[in-house]
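Have a look at the structure that comes next, please.
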Amino acid sequence: MVRFFHSMGSPLVQLVNYLGELAVLTGELWYSIGRSKVRWGIVARQLVTIGFGSQLQVMVTGAFTGAVFAAQVYYKFNQLGFESVVGGIVALAMARELGPVLTALMLTSRVGASMAAEIGTMKVTEQVDALRSLGVHPVDFLVAPRFLAMIFSVPLLITESVVLGMMAARVMTTGYYDVPVAFYDDQLSKNFGLHDVWFGMAKGLVFGYLIVIICCHQGLTVRQGAVGVGRGTTSAVVIASLAILIINFFLTIILNYLWPVARV
């Protein structure tokens with residue numbers, strides 16, 4: 001019985017300890033930003049890496065997700081005689097769920113892994129300790145610029161994903177399935193609005209924070225040399241992806257009270 005409670009309690013203690021470390025890193029991050037220790041040159045370079053470098057993956061993901069989702073929705077709604085509402089349904093799903101979540105997952109796999117590997121390599125080669133010896137806090141130099149670049153980049157990337165998804169859905173529905181454009185646009189205007197865009201942007205900002213905090217934390221806590229860097233990078237991607245999917249559920253529940261779906 002003692003072993004059972006120990007086996008149940010140990011993971012819980014580790015989880016609480018991990019969340020505490022993330023909270024401490026968050027506090028150090030905001031303290032760094034608040035005292036104007038931002039290195040804007042590094043932020044600009046990270047903007048190129050995170051924002052510009054991720055555009056192709058995000059745009060392709062958004063376009064094909066919108067096209068596939070439109071096809072699936074049309075197959076069922078055509079049986080019910082509601083094929084004209086496909087545009088509104090796809091736009092709603094892309095803006096509120098698919099756009100933010102898929103963009104965040106793409107950034108996790110591409111940018112988050114890079115953050116964890118880069119910072120982890122600096123940690124095992126003692127470059128992080130060298131920064132401290134020079135009087136430079138690692139959070140000021142490594143975490144804050146990446147956080148600001150992510151916060152600036154995420155809204156633009158989500159917008160691109162949603163717009164490309166809606167365009168692909170329109171081409172698929174009106175071009176391939178011959179749904180009248182007038183009906184398509186009418187249902188789109190009735191079922192999709194600016195509040196749906198804000199819904200997705202709010203999620204995107206939270207996801208961007210999770211990616212940076214989790215991946216940078218994994219990099220800063222790497223142990224055991226090159227092997228540890230590989231394990232830390234893998235853990236960063238896995239933990240950040242799971243956190244995005246879990247937090248997305250709670251954000252959907254909360255934000256639906258703030259920005260409910262428009263009723264026709």
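The values are calculated or read from the model by the stated rules, or taken from the named source; none is laboratory data. Remember, it's a predicted structure, so these values are computed and weren't measured experimentally. In this analysis, Cβ positions are derived from the backbone assuming ideal geometry, glycine residues included, and neighbour counts consider all displayed protein chains.
What pairs can you find where one residue is in region 229-258 and under 18 Å from residue 212 (Cα atoms), the other is of a type in the set (Lys, Arg), and their Cβ atoms are less than 8 Å apart, with a gap of 6+ or different chains?
Within 8 Å, the pairs are 248/203.
Would you confirm whether any residue within region 68-81 is out of contact with any Phe, Trp or Tyr (no Cβ under 9 Å at 6 or more places or on another chain), on the phi > 0 side of the Ramachandran plot and outside any helix (DSSP H, G or I)?
Within region 68-81, one or more residues are out of contact with any Phe, Trp or Tyr (no Cβ under 9 Å at 6 or more places or on another chain), on the phi > 0 side of the Ramachandran plot and outside any helix (DSSP H, G or I).
Follow-up. Answer yes if at least one residue in region 158-170 is hydroxyl-bearing (Ser, Thr, Tyr), closer than 17 Å to residue 102 by Cα and out of contact with any Cys (no Cβ under 7 Å at 6 or more places or on another chain), and no otherwise. Quick ask: steps written out before the conclusion?
Initial filter on region 158-170 (hydroxyl-bearing (Ser, Thr, Tyr)): 159, 161.
Still in the running and closer than 17 Å to residue 102 by Cα: 159, 161.
Then keep just the ones that are out of contact with any Cys (no Cβ under 7 Å at 6 or more places or on another chain); that gives 159, 161.
Within region 158-170, one or more residues are hydroxyl-bearing (Ser, Thr, Tyr), closer than 17 Å to residue 102 by Cα and out of contact with any Cys (no Cβ under 7 Å at 6 or more places or on another chain).
Got a sec? Which of 111, 136, 101 is over 12 Å from the mean Cα position of the chain (by Cα) and among the hydrophobic types (A, V, I, L, M, F, W, C)?
Working: 111 fails: over 12 Å from the mean Cα position of the chain (by Cα); 101 fails: over 12 Å from the mean Cα position of the chain (by Cα).
Exactly one of 111, 136, 101 is over 12 Å from the mean Cα position of the chain (by Cα) and among the hydrophobic types (A, V, I, L, M, F, W, C), namely 136.
Determine whether region 38-54 contains at least one residue that is surrounded by 14 or more Cβ atoms within 10 Å (Cβ to Cβ), among the β-branched types (Val, Ile, Thr) and part of a loop (DSSP other than H, G, I, E, B).
So far as region 38-54 goes, yes, one or more of its residues are surrounded by 14 or more Cβ atoms within 10 Å (Cβ to Cβ), among the β-branched types (Val, Ile, Thr) and part of a loop (DSSP other than H, G, I, E, B).
Just to be sure before I move on: is residue 251 modelled with pLDDT of 90 or more, aliphatic (A, V, I, L, M) and surrounded by 15 or more Cβ atoms within 10 Å (Cβ to Cβ) in the structure I sent?
Spelling it out, residue 251 is indeed modelled with pLDDT of 90 or more, aliphatic (A, V, I, L, M) and surrounded by 15 or more Cβ atoms within 10 Å (Cβ to Cβ).
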